[in-house]
Structure formats: C-alpha cells, structure tokens
1. Checking Gly380 against (1) of a type in the set (Gly, Ala, Ser); (2) surrounded by 24 or more Cβ atoms within 10 Å (Cβ to Cβ); (3) assigned to a helix (DSSP H, G or I), which test does it fail?
2. Residues that are surrounded by fewer than 16 Cβ atoms within 10 Å (Cβ to Cβ), modelled with pLDDT of 90 or more and on the phi > 0 side of the Ramachandran plot: does segment 545-557 have at least one?
3. Being polar (S, T, N, Q) and closer than 9 Å to Ala581 by Cα is the filter here, so list the residues in segment 347-375 that pass it.
4. Could you please find all residues in segment 434-451 being hydrophobic (A, V, I, L, M, F, W, C) and touching a residue at least 60 places away in the same chain (Cβ under 8 Å)?
5. Among Val110, Val59, which is surrounded by fewer than 22 Cβ atoms within 10 Å (Cβ to Cβ), assigned to a helix (DSSP H, G or I) and free of Cβ contacts under 8 Å to residues at least 24 places away in the same chain?
6. Condition test on Ile31, is it among the β-branched types (Val, Ile, Thr) and more than 19 Å from the chain's Cα centre (by Cα)?
7. Give me a count of the residues in segment 100-141 that are within 13 Å of Pro210 (Cβ to Cβ) and not aliphatic (A, V, I, L, M).
8. How do the helices (runs of 4 or more DSSP H) wholly within segment 416-505 filter down when requiring 1 or more residues that are in contact with a Phe, Trp or Tyr (Cβ under 8 Å, 6 or more places away or on another chain) and not aliphatic (A, V, I, L, M): which remain?
Amino acid sequence: MIQYVIAGLVLGGIYAIASAGLVVTYRAAGILNFGFGAMAYLIARFYYFLHSQLGWGIVPAALVAVVLAGPLLGTGLYFGLFRLLRLSSPLVKVVVTIGVSVCIPPLAAVLFGTEPILRAPGLAPEPVQVFLVAGVPVTMDQLIVYAAVIVVLVVGAFVLLRTDIGLRVRAMVDSPAMTSLSGTNPRWVAVGVWATSAFLAGLAGVLSAPIIGLAPTDYTLLMAAAFAAVIAGRLCNLPMAMAVGFGMGILSSVLQFLLPPGSALTAAVVPSVPFAVAAIFLVYNLLRWGSVDENDGVGGALDLAITPQGAESLTGTATSAPPGGAARRRWSGAIPSGAVLVVVALLPLVLPNFWVGLLVAGIAYAVVFLSITLVSGEGGMIWLCQVTFAGIGAITSAQLASVYDWPVLLAVLAGGAIAAPVGLLIGVLTIRLGDLYVALVTLTFGLLMDHLVFSRDVFVNGGLGVPVDRPTFATDDQTMTYVGLAVFVVVAAAILNLRHSTTGLALGAVRTSPAGAKTVGVPVVRMKVVVTGLAAGVAGIGGALLAVVAGSALPENFLTLGGMVWLAVLVTAGFRSVAAALIAGVAFAVVPGLVLVNLSASWNQLPPILFGLGAIALAKNPEGFVLQNGRALRDMAMRSIGRSPAGHPRHPAMTTASRAAPVAEGPGPVRVATEGRRSVLTETGERP
C-alpha cells in the first residue's frame, strides 16, 4: 500500500504543477488554457529531441527546453495570440486555446519526426537509481518530482507574498481594472504570467514523460485531469487546486492497489478518478452556493463592466444582417447555403469513386457539425461533448440494426432519440453554471463516457466495432451521398426556420444578454435546455450516419479529444452558418485524402495543422471565413447594382468627400454618423 501511495504522490505532484499553471494564467489573464497539455507535450518532445536524439546531457537539455524554450513559447503565444483575447467572449477564448491544442502536436511531429517513442527519459541519469525508504523502493525520477513540487510551492509562495512582482500579480488577480489605473502595465504582468505558465507546462511535461509516455493524447488527458483540481479550487484557489491534485494522484494509485489488476473495471475506473472528483466538487459548490460562475469574486464593478458577457462577439450581431425585413434576411442566408448545397450535390456525378466515398463521410460529419451550430451558434453555450452524443447515436443505431434487426434508417432516428434526453439532462445540470464551467463539465462528461461506456467490449467488439449495413437502396456511395444530403437539408432547414422564428429571436436575446432577456419575460432556462436537447439529438443522428457510412460503429472514432478537432474544423468555417457546417464537414473528410498521394509522414500532419490554425484565426475573425467572405461578396453585389452595402440607394450627388465625412461624437453611448445630407443612428463604434 505504501508503495502505491508514494507512486500516487508522484502523479499528484504532476497534477499539482499543471493545475498551478492553469490557475495562474486564468486568474491573471482571464484565459483557461485548453492548450496547456499540448504546450507540455511540445516542450517534453523538445527535451527528448535534445537529450535522446542529439545526445545532449540532462542538465543542458533541461535548461534549454524547460527554462529557456518554455518561457519563450509562452511569451510568443501571448504576443502573437493571447493578448488579442483579453476582451473576447469566453467562447472565443476556449475555441482559440483548443486550436492551440490541435495545432501544436502535428507541428511537433513535423519538427522532430514521427517515429514511435517506446520509452521517454526523465531528469534522472540512466540507469535510474532506486533507493529504499522504509523498505519501499523510490526511484530518482520520483524524488525529482517531489523536489520540483516543493520548489514550485516555496518559490511561488515567496514571489507572490514577499516581492513587488508578486504584489502586482495579486493585484491583477483581485482587480485588473484598478491595477491598470494604479499605473501598473497589465501587459507586462501578463507576459510574466504566460512565461511562468509555459515553464510550469514544460516542467510537468518532462517530469511526467517517464510515467505517462510521450504521446500527444496522453498530455491532453493530463491537462483534462488537472482541470478537476482547477474546478475544486473554483478557478482561483491555488492552494486548494494543488492539494486536490495531490489527492487525485494518491486516490488513483490506491484504487489500483484495491481493485483487481488487469480487469476491465480497473481499466475503466482508475482513469476516471479525476473526472469523478470534478463532478463531486461541482455538485458540492452548487449545493453550497446555488450557482457556480467564473465571474464570482472577480474584482469590483469596473471589472465586471468590462468582462465580456455572452458569445455575441462570436456569433454575430443583429446589425450585421442586411436591412429590409425578415424576408430579406431569410433569403440572404438561404441563397448562399443553397448554392453550396447545389455544388456538393453535383460532385458525386463528376468525382471518381474514391472521392465520392470521402464526400459521403463529409456530409455525415456536416450533420454532426450542425449540432454545434445549434448549441454554440444559436444557444451561445460552450459544449465540448457533441462528439459524445454522436457516439451515443452511433452505438445505439448499431445495436438496434445489427442485434435487434431494426431497419437502418429507423435505427438512425432512434440513435438521435436516445441522445436527445441525455443532452437535456446535461443541459438541466449545467444551467446554473458559468460558461467556462459548462465547457469543463461537458468535457468531463465526454471523458467519463469514453472510459466507462465507450470502452465496453459490447461496443468495441474486439476493436472492430459493431457492424451496420447500409439501406438496401443505398449500398453505393453515390446514392448514400444523396441520403446524407437529404438528412442535412432537413436539419439545416429546421435550424434556419428556428433562427427566423419567435423562438429564434428569443434565443438571440438570451445569447446577447441573459439578464436582459429575463427582464422582458424570456424563459432563459427553458430556451437553453431545449436547444441542448435538440443539438444532442442532431449529433446522435449524425453519429449514426457516420456509422452507417463506415459500415461499423467503432467507439474510438467518437472520443472526446477527437471531438476537439471537430470543433476546430467548424469554427474555421463559422459557427452560425449552415453552409459553413457543410463546407467544414466535407473539408474534414476530403482534405486528409489530398495528402494520401504523398506517403511522407510530414504531409499527413498538414490537415490538423490547418484545422488548428483555423481555430486560432478566430481571435481576429470570430465569424469564420464563410460568413466573412459571404458578406464581402454580398456587399460587392450590392455595389454592382447601385446600392450601398447597408442596402440604401446611393445618392447621385454624393461625393467622395461627403461619404468620408467624420463621425460626430455624441454625449452618450450613441454616435450620429453624417453621410451627405443623411444621418444614420448607430451603436457606439458601428459606422454605416
């Protein structure tokens, strides 16, 4: 037992270091870094490259990788990306950091190679020495982890409590707005915080390599497990987060001792410990406080006033729609979506069979992506488990079609029907949580499903999955493509109809300002819960279609970490556009096929790099390239017929000078823009 406790302290120490990096960046910079695990992997892989591939010694390799490259990575990411997110909505911040998580591992493969690493060294000289402590063997790697945790605790406490730098950081945590007014430059404080966080990420990555291996997914799971400790500390309590990190490590090891070795139960329960801990602390906080929000305790009134609320910066505003009434707005969205649909419908008639096979899979992905459009684009919520609902639909339809002999299409609908109430339940449970907590809860739910449900052999079937036959009338890829398009059209039309209905207007109000929506009588809770159920049902239908297209429902195709890549692909195109969902689904299936002609492993890393960079681009282009380019084309067409982009006829006597007339400042939050002899009233910062 003592040996397992000591081993648990090692894992808990790594959790503690990781949670410290996550808490510091969130409280000082306002960003919960979902790319922390990828950063840890990159630095650990760089250390392996220096030490094992180039033959550097442990000390110089560690100094260059952890002490030098780590802070440089954090500083570079801050200036190149994270500083742009300071006033972005929580949804944008989460998606951009997920883009970092998606992009970094394939970049590391391009830089350092793709050969499998069977054993990763730590910071101890090899062969690793073993010491006996009270009759229990303790390795040098374990001792180094203990020492690193102690140093981080002591040095961190001293810097935060006893130095001028620590005072500035704590002031940023308490009230960023008041700290800025006092003369402290928040930018340089943020630079130091990000450099420190990247250093901690590198330290955790190198220390954990001998324990968890050197694979990107292992580090992402490490990050997800550390989130449990962050939840326990309510995103801001560093001592609590580190203490819970230690506790999770010890509990995981003790369970390995108590449970039968090699059993399926042990394999499912032990990795689920951090996520069960997260659920327990969330329930406790809900029972104690009534709600859990990341803005609780953040500064004062000034800080709350400048904190972005909702997801409107990502999902678009009402002012972006063309004028002319509901009919014109409806046609404005339907025409480009119809054009994309026609193009995709014609592709099976001209493409070779290989590409048609990829296209039909892309359309199934597009149906799943429409569920993200619903929950995030329409509902303004940050859900990271849509891939899990797709997996529920896939395994349900496979069981019904193969085991109980249901008709395939009926089984597909049943898959969505089973996923929908699960989504409703998650929606009810998370309705009193803040945006970031919703993201963490849905991530936790997905990972628990991965370990406890999707790993069961009844679904895995020896790694082959449960077979699913196609409908008898759609055994070829071309016909199946049109079946998938029919499903996509039905779901997309329902979303467009919802968007322009009274319910859609209410959702827009909830998305823009939940508090304001409540004051006018909009049932915020009911609206959000209904959207989550609909989105889960759509994801279940899409997942079932994916299983039908692939010929089997294999749970490993629906793992939560893979779903983060799906999210990155969709945001590249755009959250709110149904045409973007179709383009993103087709691109996700077809782009990897483009690199199959080149057998180079480096070329195979190109698609995830592009998808990750697309999600990162959300920092500057929250709408995605489909809406952005579509709006540019619409404005060009309006100019070509003699109308301004805003939809007003151009005055024949309007000169260049009059069109460039300055904007007059008004006394309140409204400006009056003068254009020729016409005045247009707009919101602050909006020019006609």
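1. (3)
2. yes
3. Start the filter on segment 347-375 by keeping residues that are polar (S, T, N, Q), which leaves 353, 371, 373.
Passing the criteria: only Thr373.
4. Filtering segment 434-451 for residues hydrophobic (A, V, I, L, M, F, W, C) gives 436, 438-441, 443, 445, 447-449.
Within segment 434-451, Leu436, Ala439, Leu440, Val441, Leu443, Phe445, Leu447, Leu448, Met449 qualify.
5. Working: Val110 fails: free of Cβ contacts under 8 Å to residues at least 24 places away in the same chain.
The match here is Val59.
6. Numbers: among the β-branched types (Val, Ile, Thr): yes; more than 19 Å from the chain's Cα centre (by Cα): no.
It is false that Ile31 is among the β-branched types (Val, Ile, Thr) and more than 19 Å from the chain's Cα centre (by Cα).
7. Of the residues in that region, 8 qualify.
8. Numbers: elements: 435-452, 457-460, 477-499.
Per the criteria, 435-452, 477-499.
The values are calculated or read from the model by the stated rules, or taken from the named source; none is laboratory data. This one's a predicted model, so the numbers in the text were calculated from it and none came from an experiment. Ideal geometry is used to build each Cβ from the backbone, glycine not excepted, and the neighbour counts take in all protein chains shown.
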